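Presented below is the structure to which this report refers.
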Amino acid sequence: MFPRWLFKIMMVSFSALASTILLLLFIGKGLAAPTNIAQSPGTAMKNILQGEQVISPTELVFLPLIAKPAVQKALGSVTMLGPTACTGATAGNCYSISVSCPNITNSINATIKVGPSLISTTIGTMLFFSGFYGTFYWDTNSVNTPAIITDVRTAGYQTVQVNWGSGWFLNPGNKAGMDGVACRPATVARWIYDTFHLASQSSPYCAAGHSNGATQVAYMLTHYELGDIIDEAIFESGPNFTLLEHGCIYTASTNNLYLPTSDRGWVDRSFGIFSGGPCEGGDPARKQAWKSDWQAASIASLQSINNYPHTQAAFLFGSLDISATRYQGQEYSNWLALSGTPFYTSTVLPGAGHSVTEIQAGKDWMTTQIINGCVLH
């Protein structure tokens, strides 16, 4: 029997000419013999059809396969405040910065830690974004992250870690939403590209994020068009906010996407509501009134870019991770597989939890993925 959910995907996609072409080509590849999963969106589609490592594919049926919307969000500006003392688990050169964005009245401070290449040449630049509020360096995320930083620098990359002075999504007084406050990490990523990567198009520029750090990287690609400069994006155990509607409204069929209380509060704070917000609260009527706002502010929205011709999109999940963050991240991974983004891979490591790099296999995967995947595409 023809799967009902796949039929819905086809019917919805036929509503837009570009979506129709993408989906028909993609299904043709997906039913063919699998090749290298990192280069073959067809293989990813085959895995979805077989139900392998898939959370809820039907959640994607109302999102057309958009190659590139006409309008992307504006970036802000960064002011260098000067050198500062470094903290964290690895050495580097640290700088204080202030970040401002359009339509957000308050600026936000951050520090960045630049670790120069440990060989005579610099092959490329690798950014790192930590999870939770983002208020610590990535090298303190697990017992193995300092070694990963050192290994990457030894391979010839300069590393840049972003440490926010307060939660990057906190937004008193404005209704910017998660997509709006994501201007902050996107602006910093663009500024680092211009300032420390020297806007070089002859060497790779890449980014990795853990959990809510993966959220920062995802919004850069989907809403701020940084796929034009990011050669590899690594998503470990995230991103959190792929489908905010299902993160804020509980339904039995999508319960694994329903965010915990803390994360729902973060969504409200991104809209400028610091207590009694609709996502964290339980009023069904109020939630329905906010539904369209949450849909528009999601990583996967009708205005999101979901095909990156020159960016390696690499996802890493732990088999023991049953958090909503992992499942929301899986939805983004599935969406990119369906979009036919050409450089895509998704890995689930047995025995790993939410912090996948805590185990040796996770450390090895991260190091290898950065060194082999942070290349020009």
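Values quoted throughout were computed directly from the atomic coordinates according to the rules given, and no laboratory measurement underlies them. Small disclaimer: the values here were computed from a predicted structure and weren't measured. In this analysis, Cβ positions are derived from the backbone assuming ideal geometry, glycine residues included, and neighbour counts consider all displayed protein chains.
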- Message: How would segment 258-360 be classified by its alpha-carbon gyration tensor: rounded, prolate or oblate, with rounded meaning a/c under 1.5 and the a/b versus b/c comparison settling the rest?
- Response: oblate
- Among rounded, prolate and oblate, which fits segment 174-219 when a ≥ b ≥ c are the square roots of the eigenvalues of its C-alpha gyration tensor, a/c under 1.5 means rounded, and a/b larger than b/c means prolate? oblate
- Task: Calculate, in nm to one decimal, what Val143 and Leu320 gain on full extension: separation in residues at 0.36 nm each, minus their alpha carbon distance.
- Result: 61.9 nm
- Too-long pairs where the Cα-Cα distance tops 29 Å, listed order kept, from Lys113/Lys363; Lys73/Lys113; Lys73/Lys363; Lys287/Lys363: Lys73/Lys363; Lys287/Lys363
- Could you give the nm distance between label points at Leu118 and Ser96, where each point is 7 Å from its Cα heading toward the beta carbon? 3.0 nm
